[in-house]
1. Considering region A:112-136 alone, what residues qualify as being more than 7 Å from chain B (Cβ to nearest Cβ), among the aliphatic types (A, V, I, L, M) and either under 14 Å from residue A:160 (Cα atoms) or under 14 Å from the mean Cα position of the chain (by Cα) (or both)?
2. Which condition number in (1) within 14 Å of another protein chain (Cβ to nearest Cβ); (2) touching a residue at least 12 places away in the same chain (Cβ under 8 Å); (3) in a helix (DSSP H, G or I); (4) more than 10 Å from DNA strand C (Cβ to nearest atom) is the one that residue A:79 fails?
3. Within region A:55-75, is even one residue more than 20 Å from the chain's Cα centre (by Cα) and at pLDDT 95 or above?
4. Restricting attention to region B:1-28, report how many residues are assigned to a helix (DSSP H, G or I) and either aliphatic (A, V, I, L, M) or within 13 Å of DNA strand C (Cβ to nearest atom) (or both).
5. Kindly indicate which of A:139, A:164, A:197 is free of Cβ contacts under 8 Å to residues at least 60 places away in the same chain, more than 8 Å from chain B (Cβ to nearest Cβ) and under 16 Å from residue B:188 (Cα atoms).
6. For region B:43-62, which residues satisfy the criterion of being within 11 Å of DNA strand C (Cβ to nearest atom) and among the aliphatic types (A, V, I, L, M)?
7. Please tell me if residue A:31 is without any contact (Cβ under 8 Å) to a residue 12 or more places away in the chain and within 11 Å of DNA strand C (Cβ to nearest atom).
8. Residue check, residue A:142 against (1) within 23 Å of residue B:129 (Cα to Cα); (2) in contact with a Phe, Trp or Tyr (Cβ under 6 Å, 6 or more places away or on another chain), all met but one. Which one?
There are 2 protein chains.
Amino acid sequence: MNQPGESLRDRKKRRTRAALERATVRLSAERGYDHVTVEEIAAEADVSVRTFFNYFASKDEALIGADPEAGPRMAERVLAAPDEVSPFEAYRRSVLAEITDELNNARDLWLLRKEVLMQRPDLLVRAFANSAQYEQLLADAVGRRAGLPEAHLYPRLLVAAGSAAFRCAVTRWAVDDDVALGDLVSEAFDLFGTGLAHVPKHHHEGGS
Amino acid sequence: MNQPGESLRDRKKRRTRAALERATVRLSAERGYDHVTVEEIAAEADVSVRTFFNYFASKDEALIGADPEAGPRMAERVLAAPDEVSPFEAYRRSVLAEITDELNNARDLWLLRKEVLMQRPDLLVRAFANSAQYEQLLADAVGRRAGLPEAHLYPRLLVAAGSAAFRCAVTRWAVDDDVALGDLVSEAFDLFGTGLAHVPKHHHEGGS
DNA sequence: GGATCGTTTTGCAGTCACTGCAAGTTTGCA
DNA sequence: TGCAAACTTGCAGTGACTGCAAAACGATCC
């Protein structure tokens, strides 16, 4: 009875994971990240503290809702992109796909996260640090696609730029969210794509 | 008798700080970062555990030897660069200056750190997370120089790219240190400067 | 050579994230 | 129904980190 891809067990796991993520974000937004203990989070989600740590390796991860499949998924997308697409574009698309998916599924959570990240911008960086392994995975995918040797800087830089793009976009989005997060990430990628050597023209009331 | 800038007190503080940094790096390289306790580090440096935490906010910081003055110093350099220099170039130079200074003063420490960071690449990212405040400071400096409004993505991205450049360069350097770290950082900056949209040509036996 | 004042060091008690282990409980399957 | 595998839980322990109040120390003034 688990052909549809979801056994009872799987469903329960997904729910527990979601509940923990949600509890972490909600409580942190309410009282501030470090005035919330894992004990409280676990209680809110109706599981034991030990179970919390079966799902997330750290409180940080739970706040961001780190999805262990996101890395591999993106790597796969990078490799699966059509041949005529550049490595840069392939990577950019896989990041954007991931983000729009995420926002479509949990926009409300991200609005709460924003509150937390405004107080503690370092948490986002720290969260990315946990996924250093996936960075390697992604860099390998990009490197393969670009036909570069293992040690070349380019794949690493591109992936790191992706993290940076996301991070900066969120920071900017937190300041004022008139613009969609996806658009900001896209804009950041454009800047990385065309190079940072020159200050981009910026259009505002008055012109340059 | 403290006109020369260094009272006995100041000298002692500098020594203690250096001893703690050195002990952290040495022991971590020897036994692995998380098989070393702060207690052992403090003992090695001949101070109490509590004193360790008077100097460094965390074990992570001690490993990297986070210099609280580095951020402000770089910001100042960015603002002090000659007028005809672009914000990008100004920032690049201030990063490189900082790195070469650091390497000249403590190359041996960095060779040990390399060992540790090879095992635990996430530590470098985490260390940068602590200096999120300085990122803001630097971004403001760059933004001012570029004449961009507060909220613009460019300054943030440039600074984040700097971190990424350093991080990737160290990772690459750890793999094989035939190339000087400074050169690698410089190369990374070049890539960011000219844009990541296209895969850089890479010269090797056989040509493209 | 003190007396004094500000700074640094220290010990201590406490909190909290996180881990390994060894049951217990639930789910999947025959 | 019953067994095996997967999940949950409690427990005991480690270790990072904090606040506080007392002690040690360095600078300064007489």
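1. Correct list: A:117, A:123, A:124, A:127.
2. Only one criterion in (1) within 14 Å of another protein chain (Cβ to nearest Cβ); (2) touching a residue at least 12 places away in the same chain (Cβ under 8 Å); (3) in a helix (DSSP H, G or I); (4) more than 10 Å from DNA strand C (Cβ to nearest atom) is unmet by residue A:79, namely (1).
3. To start, the set of residues in region A:55-75 that are more than 20 Å from the chain's Cα centre (by Cα) comprises none.
Within region A:55-75 (the criterion being more than 20 Å from the chain's Cα centre (by Cα) and at pLDDT 95 or above), the answer is no, since none of the residues qualifies.
4. Within region B:1-28, residues that are assigned to a helix (DSSP H, G or I) and either aliphatic (A, V, I, L, M) or within 13 Å of DNA strand C (Cβ to nearest atom) (or both) number 16.
5. A:139
6. B:43, B:45, B:47, B:49
7. No.
8. Tallying (1) within 23 Å of residue B:129 (Cα to Cα); (2) in contact with a Phe, Trp or Tyr (Cβ under 6 Å, 6 or more places away or on another chain), residue A:142 fails exactly one: (1).
The values are calculated or read from the model by the stated rules, or taken from the named source; none is laboratory data. Computed from a predicted model, the values in this text were never measured in an experiment. Please note: Cβ atoms are built from the backbone with ideal geometry, for glycine as well, and neighbour counts cover all protein chains shown.
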